[in-house]
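Below you'll find the structure, written out as structure tokens, and then a few comments.
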Amino acid sequence: MSAIPLGALLTRTGDTDDGPARLIRITGPSRGRIKILWTGAEFEMNLGERLFSRLCLFSEVPVGLYSTSGVREGKILEYLGDGADGLSRYRVKVVDEEVVLSETQMQPLPPDRSDPFSLFRSNTWQTSKAHRRRQSLLRMVSTWNAQTAGMPSLMGVRAEPMGHQLYAMRRVLANSRPRFILADEVGLGKTIEAGLVIQALMQEKPKLRILIIARDR
């Protein structure tokens with residue numbers, strides 16, 4: 001007999017790139033048929049090889065609930081433990097009500113991979129592909145910081161800032177609520193200083209609105 005109950009949700013051990021799976025059929029002693037839920041792929045395997053392990057759903061994971069009336073969306077509130085049949089039970093919020101369901105009655109919904117919060121909610125941010133992308137981004141950010149003396153917003157600046165201009169930029173950005181008057185002597189590059197500050201702020205908040213007031217001559 002398999003230690004994994006029929007209908008249990010599974011995840012590939014050490015690599016969650018494929019998404020969740022389910023044991024859909026027992027085909028023999030310690031053998032079963034596995035279905036990858038997000039792709040529909042199926043294959044038979046020896047369950048004793050432990051290529052897959054039980055999948056435990058965390059709170060806030062979005063799930064699809066399947067019934068005769070169709071598919072509804074919900075989210076996990078709490079893991080309640082395993083029942084007498086060995087299947088996991090969960091408290092799930094569906095619209096404005098809370099219900100207790102078995103793992104056989106639901107499956108995790110695939111995330112929007114362009115949305116980091118969706119990846120966290122679906123608990124798929126730790127896949128090997130996501131790990132490689134994060135490592136690549138961290139190396140890129142490290143290079144930017146090394147090349148710009150800790151001010152990556154300087155990347156692409158169409159000017160060669162002087163020391164006092166970089167100091168002014170650092171001084172303004174070091175404040176949590178930057179409210180400064182740039183009052184250097186005439187000709188020392190206050191416009192460049194303001195431009196550096198604006199560029200840094202807009203990199204942090206791309207939708208930041210800037211008001212520029214200038215004399216007509």
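The values are calculated or read from the model by the stated rules, or taken from the named source; none is laboratory data. Just so it is clear, the model here is predicted, and its values are computed rather than measured. In this analysis, Cβ positions are derived from the backbone assuming ideal geometry, glycine residues included, and neighbour counts consider all displayed protein chains. Calculation scope for accessible area: heavy atoms of the full protein, side chains included, ligands and nucleic acids excluded. Shrake-Rupley method; radii C 1.70, N 1.55, O 1.52, S 1.80 Å.
Observations, loosely collected:
- Over the range 20-122: Kirkwood hydrodynamic radius from C-alpha pairwise inverse distances, Å: 14.9 Å
- Portion, in percent, of the accessible area of the chain that falls on carbon or sulfur, probe 1.4 Å: 55 percent
- Gaussian network model of the chain, springs between alpha carbon atoms under 10 Å - residue of Ala41, Ala146, Ala174 with greatest fluctuation: Ala174
- Residue with peak Gaussian network fluctuation, the chain [Cα springs, cutoff 10 Å], from Val186, Val94, Val71: Val186
- Inverse mean reciprocal Cα-Cα distance (Kirkwood Rh) of the range 140-217, Å: 13.6 Å
- Under the criterion of Cα pairs below 8 Å and six or more residues apart, the relative contact order for the chain equals 13 percent.
- Residue-count net charge about Val94 - beta-carbon cut-off 10 Å; Lys, Arg +1, Asp, Glu -1: -1
- Hull volume per residue, based on the alpha-carbon atoms of the range 1-71 and their convex hull, is 107 Å³.
- Length released on extending from Trp38 to Met155, taking residue separation times 0.36 nm less the Cα-Cα span: 38.1 nm
- Short to long, the 10 Å bins of the Cα pair-distance histogram for the range 168-213 hold 25, 58, 17, 1 percent of all pairs.
- Solvent-accessible surface (1.4 angstrom probe) belonging to Phe117, in square angstrom, nearest 10: 150 Å²
- Phi to ³J(HN,Hα) by Karplus 6.51 cos²θ - 1.76 cosθ + 1.60 over the range 94-103, Hz, x for Gly, Pro: 10, 6, 10, 10, 10, 9, 9, 10, 7, 5
- Between Leu6 and Leu77, the C-beta separation translates, for a Förster distance of 25 Å, into a calculated FRET efficiency of about 0.50.
- With all protein chains in place and ligands, DNA and RNA left out, the 1.4 Å accessible area ranks Glu193, Glu204 as Glu204, Glu193, largest first.
- Reported to the nearest whole Å, the Cα centre-to-centre distance from the range 141-190 to the range 71-110 is 52.
- Averaged over its residues, the range 136-175 has an accessible area of 71 Å² per residue, based on protein heavy atoms and a 1.4 Å probe.
- Accessible surface for Lys75 stands near 70 Å², nearest 10, in the context of the full protein assembly shown (1.4 Å probe).
- Alpha-carbon Debye profile of the range 69-217, log10 I(q)/I(0) at 0.15, 0.21 Å⁻¹: -0.90, -1.34
- In the context of the full protein assembly, Tyr79 retains an accessible surface of approximately 100 Å², using a probe radius of 1.4 Å and ignoring ligands and nucleic acids.
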